[in-house]
1. What three numbers, in Å, describe the spread of the alpha carbons of the range 193-290 along their principal axes, ordered from the longest?
2. Based on DSSP, what percent of beta bridges with both residues in the chain are antiparallel, to the nearest 5?
3. According to the Kirkwood expression over distinct Cα-Cα pairs, how big is the hydrodynamic radius of the range 142-237, in Å?
4. Pick out, from 136, 164, 153, the residue whose Cα sits farthest towards the positive end of the charge dipole of the range 103-202, with +1 on the Cβ of Lys and Arg and -1 on the Cβ of Asp and Glu.
5. Over the chain, what is the relative contact order in percent, taking alpha-carbon pairs closer than 8 angstrom and at least six residues apart?
6. How large is ³J(HN,Hα), in whole Hz, for each residue of the range 82-95 in order, when computed from phi with the Karplus curve 6.51 cos²θ - 1.76 cosθ + 1.60 and θ = phi - 60°, using x for Gly and Pro?
7. Can you tell me what the convex hull of the Cα atoms of the range 64-120 projects to on average, as an area in nm²?
8. Restricting to DSSP H runs of at least four residues, report the calculated mean residue ellipticity at 222 nm for the chain, -39500 (n - 2.57) per run over all residues, nearest 500 deg cm²/dmol.
Amino acid sequence: MVLLRITIGWHFLYEGVWKIANRDTFSAEPFLTQAKGPFAPIFFAMVPDLDGKARLQVVKDKDGRVRVVSPPYEIAWERACDDFIRYYNMDDKQSKAARETCERFVTGLQNYLAENQEAILGYLASLKRFEEEEKASPNNGAHFQRERLWERQQKLRAEVAGWLRQIDAMGEAYQRALWDLLTEEQKAKGMLKVPLCETQRLPVRIPWIATRSELLNVVVTYSLTAIGLCLILGFFTRLANLGGALFLAFVVMTQWPWPTVVPKTPEIVGHALFVDKNFVEMMAMLALAALPVGRWAGLDYFLYHYVCVPLRQRWGCCCCSKAAEQKKG
């Protein structure tokens, strides 16, 4: 059981350490967007504005002309400009240059949307038809129909992702342009982390985390690392096993191993009917959580004998004394 604990701990620890080493490229979003099965909508909701409907909006001018706009980006860029001016205490000249930079990039965004307006309008119309068809289709529809809907969904998301990636790249270039306005003394404070799209803004500001996606990545990365380290060291082993089992339960829910679920799991991965390798590891962690494996060649031995037992004895003595006093009274 100790070897099983350490083996699973190594699996979790390496996953966490790899994500730390590749933190500039790692993102949990691709995994969430590929969720399938009955719980897929829960994981889709974890990705802010997955289909781009909030970031790509259609408005009508006073003269009735239709335009595609993106208030979430424009508002975020304007707020980023204000944050830079305030955080770095920019002088009047720098502040003016920062606002001119903001206006230039917002104009560039509007021009980009105007250039791609026809294609974006076509996408939004196709997305609306897809959502209506998906809502009208029964949950137990034919397998070929579910496959067709999945393929259409992936095609639509790939289409909108191209435009959003271009706009995100513009936002990063805008942030670098603001950075270039700073003096060396101001740059010594480090890069200010700000969301470049309002759909990514956190409800509560966290100094070292700017966006919802970044928060999700940090939670996943360091949770896996902590669980793996605790299992290897045998420290808070029960909690670590329960946390790992919960994480694996989410993994199973995202990739529901059921034959009728679309899309099919590649045959090279193997064949499973509800019970796959993630489910097996989850059950192993639940079994370990029910046993004192942390006290077997682990730091929980010292935690139990030098902290828990004395506290229990002291608490027991206190309870006995109170009971004796009540009995005498």
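Just so it is clear, none of the values below were taken in a lab; they were calculated from the coordinates. Here the structure is a predicted model, which means the values were calculated and not measured. Cβ coordinates were reconstructed from backbone atoms using ideal geometry, including for glycine residues, and neighbour counts include every protein chain displayed.
1. Sorted from largest, the Cα extents of the range 193-290 read 44, 39, 20 Å.
2. Bridges in the chain are about 90 percent antiparallel.
3. Computed over the range 142-237, the radius equals 17.5 Å.
4. 136
5. Details: 327 pairs, mean separation 93.0, N = 329.
It rounds to 28 percent for the chain.
6. 4, 5, 5, 4, 6, 5, 9, 6, 5, 7, 4, 5, 5, 4
7. Numbers: hull surface 18.0 nm².
For the Cα atoms of the range 64-120, the hull's average projected area reads 4.5 nm².
8. Numbers: 13 runs with 210 residues, N = 329.
Result for the chain, helices only: -21000 deg cm²/dmol.
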